[in-house]
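The structure appears below as structure tokens.
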Amino acid sequence: MDDLRYMEMPVDQDTKISASNVQIYYGDNQAIKDVNVEIADKTVTAFIGPSGCGKSTFLRCLNRMNDTIDICRVEGTIKIDGDDIYDNAVDPVQLRAKVGMVFQKPNPFPKSIYDNVAYGPKVHGLAKSKADLDVIVEKALRRGAIWDEVKDRLHAPGTGLSGGQQQRLCIARAVATEPEVLLMDEPCSALDPIATAQVEELIDELRQSYSLVIVTHSMQQAARVSQRTAFFHLGNLVEFGDTSQIFTNPQDSRTESYITGRIG
Amino acid sequence: MSGIVLLLIVLGLGALAFILARGKALSSVGGDQRALHSRPHYYGFSASILTIAPAVALMVVWGFGQSTLVQSSVAELIPASAIAEGQTVGLLMGDVQRIANGLDTAVAEGALSSDAAATLSTGADDIRGILGSVGVALGADVDPAILKAAQSYRAMQSSGATLRMIAVIGVALLGLTYGFMQTSATYRARNSVERSMRWTLIAAASVAVFTTLGIVFSVIFNTIEFFQLYPAKDFFLSLTWSPSFGGGSELGVFPLLWGTLYISLIALMVAVPTGLFSAIYLSEYASPKVRAFAKPLLEVLAGIPTIVYGLFALLTVGPLLVNVFGDGGILGVNWMQGGTAVMTAGLVMGIMLIPFVSSLSDDIINAVPQALRDGSLGLGATPSETIRQVVIPAALPGIVGAILLAASRAIGETMIVVLGAGAAARLSMNPFDAMTTVTAKIVSQLTGDADFASPEALVAFALAMTLFVITLGLNVIALGIVRKYREQYE
């Protein structure tokens, strides 16, 4: 485990997202029970836990993607920069422009690479001219660490790229709208080890500018990329703390069982 | 002996073959199923198929062969003198068959003995009276030559039937014996049953293919006949459609094609936006409850017979449009002379096509992966931006396919046009004029008293061919588009 980089990264950033007493229900089923968590700015926070523990559900609540599911109900407060995102005055569309999301399976639109990245800026009117848009697209593709691979075929379909390239394209697409928070739902689970390494490297770079939240099944990945880790189990937030502390000195016996592979 | 009884005998033999072969297979291994190559009932089916299939095939072939053979040999019996002016052998053969069937009925009802039926003569017996008494009415007294022909027809048919029975039962017995003989523990009965299953399915599939080919060829041959009577150049290029059954017609397809395309265009202008929007509503916005209620309701529209739409056009939509666009109407314009018009037919046809477009589009929109919607919503796009810029482009090939299929329905539609669009073939830009279409004219050219060999009747086939080529072209394009872009989002 010499690829663990967590030791070098102390965390003392401002709080970006704070959730208190969050309960999430699917119909009569309670998926998340009384979760309190504070997510820091310019930090990678990892959510780990066994399948079905609610970590993806909680992640999707942070930009109200669960609104598209009719039977989903959220209680408690989630604040971003001190504003309650479930307040009636908040438009989920605006919120999602601020809180971007990258999904488990790469989902490029059936459009060209350029149009994929330009989609968000166009929707939000971020570019005043075609030249502006070109600049935004190039910048986003560079930050997505995919510019060199696609700069000669910006007008080829995005669906023609390899899986790893598609995922980096999706990250570039999310970055292009200049979000403040980037949520990633198992971004590497459909990728091979080389593509995973590229995406992880990218996540580490993005930390300079964003607050990142990543859901992952891989504990090595959580250890490699994150500074803070939250362990979910059966809808409860069992333990939340610095990644180094969670992986070396877990306070809860369930956390210890999970990271040593006894429950899963 | 009738065909039904014969068929039952063959089926009975088949059942017997099943029992025998299954029993033999089981007894050959002393009742231990696992020592057999296949499960016991496969041996039964295998023998059963060998018994039934060739026998039934022979029955069918014999049926066609015998009637053709008997017809042609009886036709030779009719002397040329018996063929009156203006009649053909074909018409007389109809009489022969009627009398022969009448004699059969008379024998069956006991009005005649079977010997008497074979020896009747026009001089001695009142054939018209006898046949009339059993319910077979004849128009005139029977010509002796015709009666003679009818009697030999009966004789040939009956000896043919006896021969057929012997042959068919013989073949069935042969099959049964062969099937029984080859049954043994190592015989691959399962493979043989699977093979016959495959051939059955191939036969079913060929029915559709060969019927299509048959239809196409019959239309092609009649079209060729038409073009021998009427120059193709005039048919395709003339701007006038004025058939007159006395001869000297002008049969230009252009005004009809214009009417067809104009009406279809209006229909699509109604159906495509409405259908597409309702599909988008149903698949993207409607709650499951609304969807479960509204979708079947919309599809009921597709089940309404087109003649009912025609009535709706004639009785409701037409007068309504006249009230608006006609003389003294609400708008004060005098664009519309009567209720039947391109607009009437087009609007109603558009309504007919709505479920067609919406149902197909709904399926296609639903097939767009949720991940694409999530991706777009996750970037902060609104639902309608997502639909306009991601979902519809992804579903577009399928939607175009649906629209083209709807277009071929519109082009082929008949009843709405007959009732709603009028009968005048005319070239006009005014959508409130009465016009007519290719399909409506096919109906009117073939349902008159016209001589079938005249260009005025045969033109129907040329029209049908034109229509066929157009709709086939549209379908091919639709399939091509759907196939080319099908995997775009995968």
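The values are calculated or read from the model by the stated rules, or taken from the named source; none is laboratory data. The structure displayed is predicted, hence computed values, not measured ones. Counting neighbours? That spans all protein chains shown, and the Cβs are built from the backbone with ideal geometry, glycine included. Keep in mind that these areas ignore ligands, DNA and RNA; they rest on the heavy atoms of the full protein, side chains included. Shrake-Rupley method; radii C 1.70, N 1.55, O 1.52, S 1.80 Å.
Residue by residue, here is whether (1) farther than 17 Å from B:Gly3 by Cβ; (2) free of Cβ contacts under 8 Å to residues at least 12 places away in the same chain; (3) crowded, with 22+ Cβ neighbours inside 10 Å holds:
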residue	(1), (2), (3)
B:Leu16	yes, no, no
B:Ala25	yes, no, yes
B:Ser28	yes, no, no
B:Arg39	yes, no, no
B:Ile49	yes, no, yes
B:Ala57	no, yes, no
Exercise. Does A:Leu183 satisfy the criteria of being within 11 Å of another protein chain (Cβ to nearest Cβ) and farther than 11 Å from A:Tyr114 by Cα?
Worked result: yes
Exercise. Looking at (1) modelled with pLDDT of 90 or more; (2) closer than 26 Å to B:Val400 by Cβ; (3) in contact with a helix residue (DSSP H, G or I) (Cβ under 6 Å, 6 or more places away or on another chain), which is the only condition B:Leu257 fails?
Worked result: (3)
For this session: With the condition kept exactly as written, say whether any residue in segment B:268-280 is at pLDDT 90 or above, open to solvent by less than 50 Å² (accessible area, probe 1.4 Å) and touching a Gly at 6+ places or on another chain (Cβ under 6 Å).
Result: yes
For this session: Tally the residues that are modelled with pLDDT of 80 or more and closer than 17 Å to B:Ala117 by Cβ, restricting the search to segment B:71-97.
Result: 3
For this session: Output yes when any residue across segment A:50-61 is under 22 Å from B:Glu284 (Cβ atoms), within 19 Å of the chain's Cα centre (by Cα), among the hydroxyl-bearing types (Ser, Thr, Tyr) and not in a strand (DSSP E or B), and no when none is.
Result: no
Exercise. What's the number of the condition B:Ser264 fails, among (1) open to solvent by 60 Å² or more (accessible area, probe 1.4 Å); (2) in the same structural domain as B:Ser428 (by TED's automatic domain parsing)?
Worked result: (1)
For this session: Answer with yes or no whether B:Ser384 is at the interface with chain A (Cβ under 9 Å from one of its Cβ atoms) and in a helix (DSSP H, G or I).
Result: no
For this session: Using the structure shown, decide if B:Gly350 is in a loop (DSSP other than H, G, I, E, B) and away from every other protein chain (no Cβ under 14 Å).
Result: no
Exercise. What about A:Gln198, is it open to solvent by 30 Å² or more (accessible area, probe 1.4 Å), in a loop (DSSP other than H, G, I, E, B) and touching a Lys or Arg at 6+ places or on another chain (Cβ under 8 Å)?
Worked result: no
For this session: Determine if segment B:132-154 includes at least one residue that is modelled with pLDDT of 90 or more, among the β-branched types (Val, Ile, Thr) and over 34 Å from the mean Cα position of the chain (by Cα).
Result: no
Exercise. Is it fair to say B:Gly326 is assigned by TED's automatic domain parsing to the domain that holds B:Ala345, open to solvent by less than 40 Å² (accessible area, probe 1.4 Å), touching a strand residue (DSSP E or B) at 6+ places or on another chain (Cβ under 8 Å) and closer than 22 Å to B:Asn430 by Cα?
Worked result: yes
For this session: Scan segment B:59-78 residue by residue and report those that are open to solvent by 50 Å² or more (accessible area, probe 1.4 Å) and touching a helix residue (DSSP H, G or I) at 6+ places or on another chain (Cβ under 6 Å).
Result: B:Trp62, B:Leu77
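Results for (1) more than 19 Å from the chain's Cα centre (by Cα); (2) of a type in the set (A, V, I, L, M, F, W, C), shown as yes or no for each residue.
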| residue | (1), (2) |
| --- | --- |
| A:Lys98 | no, no |
| A:Pro108 | no, no |
| A:Gly120 | no, no |
| A:Ala131 | yes, yes |
| A:Arg143 | no, no |
| A:Asp148 | yes, no |
| A:Ala156 | yes, yes |
| A:Gly160 | yes, no |
| A:Gly164 | no, no |
For this session: Taking B:Phe452 as meeting all but one of (1) part of a loop (DSSP other than H, G, I, E, B); (2) modelled with pLDDT of 90 or more, write down the number of the exception.
Result: (2)
Problem set entry | Residue pairs meeting the criteria (Cβ under 8 Å; at least 6 apart or on separate chains; first on the phi > 0 side of the Ramachandran plot and modelled with pLDDT under 90, in segment B:368-384; second surrounded by fewer than 23 Cβ atoms within 10 Å (Cβ to Cβ) and aliphatic (A, V, I, L, M)) | B:Gly380/A:Val93; B:Gly380/A:Leu95; B:Gly380/A:Ala97; B:Gly380/A:Val123
Exercise. Is segment B:399-412 home to any residue that is open to solvent by less than 10 Å² (accessible area, probe 1.4 Å) and within 14 Å of chain A (Cβ to nearest Cβ)?
Worked result: yes
Problem set entry | Among the candidates B:Pro255, B:Pro243, residue that is touching a residue at least 60 places away in the same chain (Cβ under 8 Å) and open to solvent by less than 30 Å² (accessible area, probe 1.4 Å) | B:Pro255
Problem set entry | Every residue from segment B:359-375 that is within 7 Å of chain A (Cβ to nearest Cβ) and touching a helix residue (DSSP H, G or I) at 6+ places or on another chain (Cβ under 6 Å) | B:Leu372
For this session: Sort out for me the helices (runs of 4 or more DSSP H) sitting completely within segment A:92-163 that have 3 or more residues that are without any contact (Cβ under 8 Å) to a residue 60 or more places away in the chain, open to solvent by 40 Å² or more (accessible area, probe 1.4 Å) and within 14 Å of another protein chain (Cβ to nearest Cβ).
Result: A:113-124
For this session: Quick one: count up the residues across segment A:72-91 that are within 14 Å of chain B (Cβ to nearest Cβ) and loosely packed, with under 14 Cβ neighbours inside 10 Å.
Result: 1
Problem set entry | Among (1) over 20 Å from A:Leu212 (Cβ atoms); (2) within 19 Å of the chain's Cα centre (by Cα) - the single one A:Gly125 does not satisfy | (2)
